[in-house]
1. Please name all residue pairs, on different chains or six or more residues apart, with Cβ atoms under 7 Å, provided the first residue is in the stretch 283-297 and is touching a residue at least 12 places away in the same chain (Cβ under 8 Å) and the second residue is part of a helix (DSSP H, G or I) and surrounded by fewer than 21 Cβ atoms within 10 Å (Cβ to Cβ).
2. Which one of these is aliphatic (A, V, I, L, M), under 21 Å from I256 (Cα atoms) and part of a helix (DSSP H, G or I): L167, L134?
3. Pick from E133, E75: which is open to solvent by 10 Å² or more (accessible area, probe 1.4 Å), more than 13 Å from ligand 1 (Cβ to nearest atom) and closer than 26 Å to E9 by Cβ?
4. For the structure I just gave you, tell me whether G98 is within 17 Å of V119 (Cα to Cα), small (G, A, S), surrounded by fewer than 15 Cβ atoms within 10 Å (Cβ to Cβ) and away from ligand 1 (no atom under 13 Å from the Cβ).
5. Is it the case that some residue within the stretch 51-59 is crowded, with 19+ Cβ neighbours inside 10 Å, assigned to a loop (DSSP other than H, G, I, E, B) and within 16 Å of the chain's Cα centre (by Cα)?
6. Given the criterion out of contact with any His (no Cβ under 9 Å at 6 or more places or on another chain), more than 11 Å from ligand 1 (Cβ to nearest atom), acidic (D, E) and farther than 21 Å from A84 by Cα, identify the matching residue among E118, E168.
7. Determine whether G123 is farther than 30 Å from V192 by Cα and either of a type outside the set (S, T, Y) or out of contact with any Leu (no Cβ under 9 Å at 6 or more places or on another chain) (or both).
8. Among (1) buried (at least 18 other Cβ atoms within 10 Å of the Cβ); (2) outside any loop (DSSP other than H, G, I, E, B), there is one condition G123 misses while meeting the rest; what is its number?
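The values are calculated or read from the model by the stated rules, or taken from the named source; none is laboratory data. Treat the numbers as computed from the prediction; the structure is a model and nothing was measured. Cβ placement follows ideal geometry from the backbone for every residue including glycine, while neighbour counts extend to all protein chains displayed. Protein only, heavy atoms only, side chains kept; ligands, DNA and RNA dropped before computing areas. Shrake-Rupley method; radii C 1.70, N 1.55, O 1.52, S 1.80 Å.
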Amino acid sequence: MIPLHYAPEVEAAKAAGQPIVALESTIITHGMPYPQNVETARSVEQTIRDHGAVPATIAVIKGQLHIGLTEAQLEELGQATEVAKLSRADIAASIATGGTGATTVAATMIAARYAGIEVFATGGIGGVHRGAELSFDISADLQELAQTAVTVVAAGAKAILDLPKTLEVLETLGVPVIAYGQDALPAFWSRVSELKAPLRMDDAADIAKAHRMRGALGLPGGQLITNPIPAEAEIPAATLSPIIEQALSEAAAHGIDGKSVTPFLLNRIFELTEGASLKANIALVLNNARLAAEISRNLTEIPR
Ligand code: PSU
Ligand code: MN
């Protein structure tokens with residue numbers, strides 16, 4: 001038995017067959033500083049409600065898998081400094097031993113599917129790190145997209161990653177990478193990268209239909225929807241590129257490895273841009289929440 005705990009709002013939505021959007025918690029504990037992390041988590045949830053769906057932020061708290069958090073739980077996670085980062089490899093052990101931890105994209109997908117939630121909004125996914133040919137650092141998020149049937153809305157991958165290699169791995173794994181409303185693959189802080197997205201869709205209804213068709217074909221994985229950052233929030237690549245180089249070389253100099261790599265880089269980029277990257281990050285997460293709500297509303301109209 002899984003010690004599963006639904007927030008009342010999520011439980012009611014499930015019973016009534018209303019659209020639900022899953023949200024991860026690693027973005028709160030390891031992706032943004034306090035207090036902006038908690039403020040953002042709240043406004044992402046409200047944005048989803050304003051767009052006709054119910055938010056379900058996912059985390060493990062004292063051995064319980066929570067699908068939807070209270071205000072107090074969000075605040076506590078946001079303030080905590082030593083919270084575990086739980087991916088596919090860690091989530092079962094954490095629940096089994098009464099642990100507390102924030103779920104990454106991979107672990108949030110696992111929990112969402114278990115709870116019957118088909119759509120998940122976040123900021124950026126993990127991917128293939130630069131230099132992965134030596135470090136072998138490839139996020140478990142990519143494998144998860146290949147095996148867990150959840151549609152994930154993100155703003156592409158950060159330039160801390162190797163984007164061409166990330167696309168190659170997703171192609172190998174058979175993960176549909178769909179750019180929303182444009183041909184180019186979005187690159188997190190920039191609306192466009194130099195890469196063309198393998199697929200393009202201009203309509204949330206088509207994204208929902210494609211999700212259902214994968215299910216009908218018996219394909220196990222999910223879809224990655226890459227939604228470009230709003231134009232007014234974009235940061236030019238030229239501004240960020242020296243900062244990213246600096247963060248990467250500091251990570252190498254300090255011997256940062258394993259699951260510490262991504263949080264280390266995100267934190268250094270926030271510090272070095274003096275908050276500008278954070279502002280953009282918040283804008284794109286809210287934008288992804290809107291699209292995810294729309295996709296989830298469309299999904300409720302197509303029988304499973
Ligand atoms: N990329 C971001 N912001 C984030 C993350 C990635 O732009 O907050 C977090 C997500 O939770 C993602 C995780 O699932 O980092 C990936 O970690 P790793 O690279 O260690 O797999
Ligand atoms: Mn990694």
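1. Final answer for the pair search is A283/A233; L284/A233; L286/S43.
2. Details: L167 fails: under 21 Å from I256 (Cα atoms).
Testing whether each residue is aliphatic (A, V, I, L, M), under 21 Å from I256 (Cα atoms) and part of a helix (DSSP H, G or I) leaves just L134.
3. Working: E133 fails: closer than 26 Å to E9 by Cβ.
Testing whether each residue is open to solvent by 10 Å² or more (accessible area, probe 1.4 Å), more than 13 Å from ligand 1 (Cβ to nearest atom) and closer than 26 Å to E9 by Cβ leaves just E75.
4. Working: within 17 Å of V119 (Cα to Cα): no; small (G, A, S): yes; surrounded by fewer than 15 Cβ atoms within 10 Å (Cβ to Cβ): yes; away from ligand 1 (no atom under 13 Å from the Cβ): yes.
When the stated conditions are applied, G98 does not pass them.
5. Let us first name the residues in the stretch 51-59 that are crowded, with 19+ Cβ neighbours inside 10 Å, namely 53-59.
Checking which are assigned to a loop (DSSP other than H, G, I, E, B) leaves us with 53.
With within 16 Å of the chain's Cα centre (by Cα) added as a condition, the list becomes none.
No.
6. Numbers: E118 fails: out of contact with any His (no Cβ under 9 Å at 6 or more places or on another chain).
Checking each option against the conditions leaves just E168.
7. Details: farther than 30 Å from V192 by Cα: no; either of a type outside the set (S, T, Y) or out of contact with any Leu (no Cβ under 9 Å at 6 or more places or on another chain) (or both): yes.
No; evaluated as a whole, the condition is false for this residue.
8. (2)
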